[in-house]
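A quick write-up on the structure given underneath.
The values are calculated or read from the model by the stated rules, or taken from the named source; none is laboratory data. Being a predicted model, the structure only gives us computed values, none of them experimental. Glycine gets a Cβ as well: all are built from the backbone with ideal geometry, and neighbour counts include every protein chain shown. What goes into the accessible areas is simple: the full protein's heavy atoms, side chains included, and nothing from ligands, DNA or RNA. Shrake-Rupley method; radii C 1.70, N 1.55, O 1.52, S 1.80 Å.
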Amino acid sequence: TATGTGSSGTITFSSIPSTYASLQIRLIANDGGNNNIGIRFNGDSATNYANHMLIGDGATASASGNTSVNRALYVGQAISTASTFGVSIIDIHDYAVSTKNKTVRSFHGWDTNNGGDGGWVRLTSGLWLNTAAVTSISLVDLAGSFSTSSTFSLYGIKGARDYRDW
């Protein structure tokens, strides 16, 4: 688990062991602005990523996608207010497998309740065009700093036993 410092927009989990089937990140974050969080693997900030997004705000729905970008996905956080936080659950499957590109998905949202946009919910997916095992993950605020009340937790998921092993 890591917390924001109030002066940095980057949280990095490093030296991730390859002993799990998948990883999950859970976060509650705020930077007091209108920013998103990008996710990067192994320090790669080049345009080796793609992402897709489905968005709903209670009145309308939309979708978008990007290729050749410098982050695997946009993870939403609070918009326009320092007292509201965004929450996310991010899944990274087969992160240690070195024979395929890495995929990631996230479900996240926030509710400003008093703000002009009211709130959002998003389902996003991302791709890192690299077969290297993931050994570090950086969550990067694209324009601000994480508040000291922002919390990021990384979990390793062991996975189910194969039924043939019973």
To the nearest 20 debye, what is the magnitude of the charge dipole of region 28-111 about its Cα centre, counting +1 on the Cβ of each Lys and Arg and -1 on the Cβ of each Asp and Glu? 280 debye
Estimate the FRET efficiency between residue 105 and residue 149 by the formula 1/(1 + (r/R0)^6), using the beta-carbon distance for r and 30 Å for R0, to the nearest 0.05. 0.70
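Might you tell me the accessible area per residue for the chain, computed with a 1.4 Å probe and given in Å²?
Computed with neighbouring chains in place, this is 50 Å² per residue.
Using a ≥ b ≥ c from the Cα gyration tensor of the chain (square roots of the eigenvalues), is it rounded, prolate or oblate, where a/c under 1.5 gives rounded and otherwise the larger of a/b and b/c decides, a/b for prolate?
prolate
Quick one: length gained pulling residue 8 to residue 158 fully straight, 0.36 nm per residue minus the C-alpha distance?
Numbers: separation 150, 0.36 × 150 = 54.00 nm, distance 3.15 nm.
Result for the pair: 50.9 nm of gain on full extension.
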Convert each backbone phi in region 143-152 into a coupling constant with the Karplus relation 6.51 cos²θ - 1.76 cosθ + 1.60 (shift: θ = phi - 60°), then list the ³J(HN,Hα) values in order as whole Hz, x for Gly and Pro. 7, x, 10, 6, 5, 5, 8, 6, 10, 10
Using θ = phi - 60° and Karplus 6.51 cos²θ - 1.76 cosθ + 1.60, couplings along region 18-31 (whole Hz; Gly, Pro as x): 9, 8, 10, 7, 7, 10, 9, 10, 10, 9, 10, 9, 8, 10
Sites residue 45 and residue 135, calculated FRET efficiency, Cβ-Cβ separation with R0 22 Å, nearest 0.05: 0.90
Determine, from the Cβ-Cβ distance of residue 97 and residue 24 and an R0 of 22 Å, the FRET efficiency 1/(1 + (r/R0)^6), rounded to the nearest 0.05. 0.85
What residues qualify as long-range amide H neighbours of residue 21, i.e. H under 5 Å apart, gap of 5 or more or another chain, H built at 1.01 Å from N? 157, 158, 159
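Starting from 0.36 nm per residue, how many nanometres of slack lie between residue 62 and residue 89 once their C-alpha separation is accounted for? Please list the in-between numbers first.
Numbers: separation 27, 0.36 × 27 = 9.72 nm, distance 2.04 nm.
Length gained between residue 62 and residue 89: 7.7 nm.
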